[in-house]
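Before any comments, here is the structure.
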Amino acid sequence: MRGETSVESERETRLAFADKIRDAGKQGLQDGLQLFNVTALLEEQQELAAALIDPARSPIAKKRFVTSLFQGTGASKLAIDLLVSLSARQWSSVEDLADATEELGVDCILAASDAAHATDETSAQLADINSAILNHPIVRQRLSDARADSQTRVAFWRDLFAGERFNEYAIALAEHAAADLHGRKYSDAIEWLIGRISEHQGKDVVTVTSAIPLTQRQQDRIAALYAAKLRRQVHLNMIVDPSVIGGLRVQCGADVTDTTVVAQLQTLRKALA
């Protein structure tokens with residue numbers, strides 16, 4: 001868990017740059033990818049990250065360090081300015097700085113997705129990716145294998161989904177989840193990204209698991225039901241899992257309604273035991 005100092009530092013930077021990130025529009029895709037590269041760099045080179053959070057270094061010295069670090073790399077001004085701002089703040093650990101850099105990378109890509117009016121589609125495609133690997137433990141293991149290098153996991157992801165027509169924002173996020181596990185399993189990273197999109201849109205996440213894809217009308221009915229119940233907009237995270245056999249499992253926070261056939265069979269087994 002991040003320390004309070006780190007949480008506040010991240011919040012301040014996100015607020016300070018919210019307008020610039022939004023105004024970057026479609027350029028935000030490249031900004032986000034650059035920040036993802038920085039995240040990986042901070043995780044791999046602890047000495048570099050330690051230099052950026054060193055309280056003994058002045059903000060001016062850190063700015064010079066960041067600027068020299070990315071000179072000639074083609075990094076955008078926004079990406080550099082974001083890292084300069086992050087380094088000027090206080091952090092509890094180098095891991096917290098890497099986390100914040102990743103969060104800002106996601107912000108940039110979602111801003112680009114917004115500019116292309118593709119954010120709902122991006123979230124739905126991430127859910128499709130998660131559903132596709134749900135019942136394939138070997139695939140999930142390979143995508144989550146921390147012993148393999150990032151290029152190997154990304155290459156496997158590309159082979160796995162070759163021919164699928166995902167938009168560039170979903171691809172950027174899904175490949176980042178494979179490239180930089182950040183201590184997570186791949187499916188957990190995708191779930192986290194879907195949650196970040198919902199947070200970005202100011203909606204609550206309602207995860208619906210079904211044996212077969214629901215029709216748009218069925219999805220709309222569930223969304224309307226939970227929107228009325230919660231008195232705010234909701235975002236449906238649709239998961240297709242044939243193993244539930246039939247029925248629905250609907251989760252919003254800690255509230256779970258499970259009418260799947262597999263859940264009913266489990267209840268029956270317990271009653272007969």
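Taken together, the values in this text are just the output of simple stated rules run on the coordinates, not laboratory data. Because the structure is predicted, anything quoted here is derived from the model rather than measured. Here the Cβ is made from the backbone with ideal geometry for all residues, glycine too, and neighbour counts use every protein chain on show.
Shape of region 165-241 from the C-alpha gyration tensor: prolate (a/c of 1.5 or more and a/b above b/c, with a ≥ b ≥ c the square roots of its eigenvalues). Of the GluC sites (Glu not before Pro) found in region 132-193, the ones in coil according to DSSP and having at most 16 other Cβ atoms within 10 Å of their Cβ are GLU164. Placing +1 on the Cβ of every Lys and Arg and -1 on the Cβ of every Asp and Glu, with no other charges, gives the chain a dipole of roughly 540 debye about its Cα centre. Model label sites at GLN46 and ASP255, defined 7 Å from Cα along the beta-carbon direction, differ in position by 4.4 nm. Please find the FRET efficiency linking VAL262 to LEU15, where r is the Cβ-Cβ separation and R0 is fixed at 51 Å, and quote it to the nearest 0.05. FRET efficiency, VAL262 to LEU15: 0.70.
What fraction, in whole percent, of alpha-carbon pairs in region 27-74 exceed 15 Å separation?
Result: 52 percent of Cα pairs exceed 15 Å.
Centre-to-centre, using Cα atoms only, region 206-273 and region 2-34 are separated by 34 Å.
Determine the shape class of the chain: with a ≥ b ≥ c the square roots of the Cα gyration tensor eigenvalues, call it rounded for a/c under 1.5, and otherwise prolate if a/b is greater than b/c, oblate otherwise. Prolate shape, in that a/c is at least 1.5 and a/b is the bigger ratio.
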